[in-house]
Amino acid sequence: MLSIPGSLKIFIATGSVDFRKSHDGLAAIAEHVMLENPLSGNLFVFTNKRADRIKLLYWDRDGYALWHKRLEQGTFRLPKPTENAARMEVSAIDLSMILSGIDLASVKSQKRYRRPAENRK
């Protein structure tokens, strides 16, 4: 299983991606469509049109790393994006649930305190 640190920023592309693209093609989508820096160390998530395949791209100190999973049955259930959004940010827990086959729409989270972003250091 993939271990994802909780402090890592994770961005999911809202549109499907041509899965013939590899490291450089996905990095270009992260930069020009998602408007994020692919060299930031953030994790970028891409799915194909049928949503039965998923690719995770990240910069690993000295080069791009790519993780790919193909489902034999079923699909990955991604959260619904806001209108006209090219990307959405999810937590490491959310991504773990998506990879495990859990539909986030069916999950009920309890309210927790979150410190405002401008006060974090």
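For the range 37-121, the solvent-accessible area works out to 74 Å² per residue, with a probe of 1.4 Å and every protein chain left in place. Per-residue ellipticity at 222 nm from helix content only, as computed over the chain with -39500 (n - 2.57) for each DSSP H run of at least four residues, stands at -4000 deg cm²/dmol. Which residue, 18, 52, 62, tops the fluctuation ranking in a GNM of the chain built on C-alpha contacts under 10 Å? Of 18, 52, 62, the most mobile in the Gaussian network model is 62. Seen from residue 78, the other residues with C-beta closer than 15 Å to its C-beta sum to a net charge of +4, counting Lys and Arg as +1 and Asp and Glu as -1.
A Gaussian network model of the chain, with springs between Cα atoms under 10 Å, assigns the largest mean-square fluctuation among 71, 99, 26 to 71. Short-range pairs are left out: with C-alpha atoms under 8 Å and at least six residues apart, the relative contact order of the range 23-70 is 30 percent. Evaluated on the range 22-121, the Kirkwood hydrodynamic radius is 15.3 Å, with distances taken between all distinct Cα atoms. When a 1.4 Å probe is rolled over the protein heavy atoms, the share of accessible surface on the chain that falls to carbon and sulfur comes to 47 percent. Electrostatic tally near residue 44: other residues with Cβ closer than 14 Å to its Cβ, Lys and Arg +1, Asp and Glu -1, net -1. Determine the shape class of the range 1-42: with a ≥ b ≥ c the square roots of the Cα gyration tensor eigenvalues, call it rounded for a/c under 1.5, and otherwise prolate if a/b is greater than b/c, oblate otherwise. The shape class here is prolate. For the range 21-121, GluC sites (Glu not before Pro) meeting the loop criterion (DSSP other than H, G, I, E, B) and having at most 16 other Cβ atoms within 10 Å: 72, 83. Based on C-alpha pairs under 8 angstrom that are at least 6 apart in sequence, the chain has a relative contact order of 27 percent.
In straight Cα distance, which lysines are under 29 Å from residue 69, not counting same-chain residues fewer than 8 positions off? Excluding near neighbours in sequence, the set is 9, 21, 49, 55, 80, 108. Between 15, 25, 63, the Gaussian network model of the chain with springs among Cα atoms under 10 angstrom shows the greatest mean-square fluctuation at 63.
The values are calculated or read from the model by the stated rules, or taken from the named source; none is laboratory data. All of these numbers come straight from a predicted model, not from anything done at the bench. FYI the Cβ positions are ideal-geometry reconstructions off the backbone, even for glycines, and counts take in every protein chain you see. Only protein heavy atoms, including side chains, enter the accessible area calculation; ligands, DNA and RNA are left aside. Shrake-Rupley method; radii C 1.70, N 1.55, O 1.52, S 1.80 Å.
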